[in-house]
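Read through the structure below, which is laid out as structure tokens, and then see the notes.
The values are calculated or read from the model by the stated rules, or taken from the named source; none is laboratory data. For clarity, every value in this text was computed on a predicted model and none was experimentally measured. All Cβ positions, glycine included, derive from the backbone under ideal geometry; neighbour counts span all protein chains shown. Just the protein is used for accessible areas: all its heavy atoms, side chains included, with ligands, DNA and RNA removed. Shrake-Rupley method; radii C 1.70, N 1.55, O 1.52, S 1.80 Å.
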Amino acid sequence: MPDARRAFRRWRRTRPFWAGLLLVLGGAELLVVPLSPVTVLVSLGLGGLAAIGIGLALIVAGLFLWYAPGTRRYVSLHALLLSVLSFAATNLGGFLVGMALGIAGSAMGFGWTPAARPPEEEEHGAPSREPGGAGPKALAAVLPVVLLAAVGTPAAHRAEAAPRGDDGVRAAAVPPTVRTTLFAPHGFAFAGVTRVPTAKGPLKVMVLTMRAASLADYRLTTRDGGGAELALGADTLELSGRVTLYLTRFSGCLEGLLCVTFSPDGLPVPPVVPPFVFMTDVTAEQALVTSDLIVADRLTLAARGRS
């Protein structure tokens, strides 16, 4: 028993154990509420089904913090989003208990930093190593599949991306600015960071792929400034098929609540986004966009004068 306790203590100190435990407890609480014999439940959104899906996802996220600590940042971001969404999609986030446990576990997991050398290894002179080697990296590739399977949607593939089929096509030297009041992607995945050619040299961009996307109150404005600038607008814009966005900057408010800004050198984009997540008040600097089909409602094109 002393050896077992010592081994468990050494294992616990090399990963965000308490953060994972809080996520597992929060997910379990979200599962228990709709399955319990409580006669009065507050059913919002998908009610019990959403609670089961989000609860399972939080439990899986907690297990990943235990067994794949190298993925803690992406796992924590996913868990935070799901925890906040549980308030609207389930029984008030398990009557606030499950939501609070999920938020606390996500914050602890994201802020956890591995020790240079666990105390037991220092005593035995073992070499220092950070958890999250080849095994955790392999498990990290499975994370999007597991999280999205819990809410009934398959994950997309994440890979280093480059413009496909765009030989000879160059992006604008200064990316146009796109604004939309609502951005709702379907089958969203972060495909990596790459460089696209422009008249002034390569431009570093984020690559986002999705099966489809809906944009409301779409507005695009060119910023080259060599002549009359153009403004392109539409009441709605529907992209479908193999949709790929090449962006230098992307900002908006998740679910209209949590406002964030992503860039190739800044805050990383989560590898996948659950299908019920949308963004409001979006502003993006768009180098390129490719799509099999683009449908616009009430399309307008106007000159904005010289800059």
Neighbours of Ser214 by Cβ distance under 14 Å: Lys/Arg at +1, Asp/Glu at -1, summed charge -3
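Largest first, what is the accessible-area ranking of Asp292, Asp217 with a 1.4 Å probe?
Values: Asp292 90, Asp217 65 Å².
I get Asp292, Asp217, largest accessible area first.
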What the Cα atoms of segment 177-304 span along the principal axes, largest first and in whole Å, is 41, 35, 29
Counting only protein heavy atoms and leaving out ligands, DNA and RNA, the solvent-accessible surface of Val260 at a 1.4 Å probe, in Å² to the nearest 10, equals 30 Å²
Accessible-area order for Arg219, Arg179, largest to smallest, probe 1.4 angstrom, reads Arg179, Arg219
With every protein chain in place, the accessible area of Trp112 for a 1.4 Å probe, in Å² rounded to the nearest 10, comes to 50 Å²
If each K or R counts +1 and each D or E counts -1, the residues other than Thr181 whose Cβ falls under 13 Å of its Cβ total -1
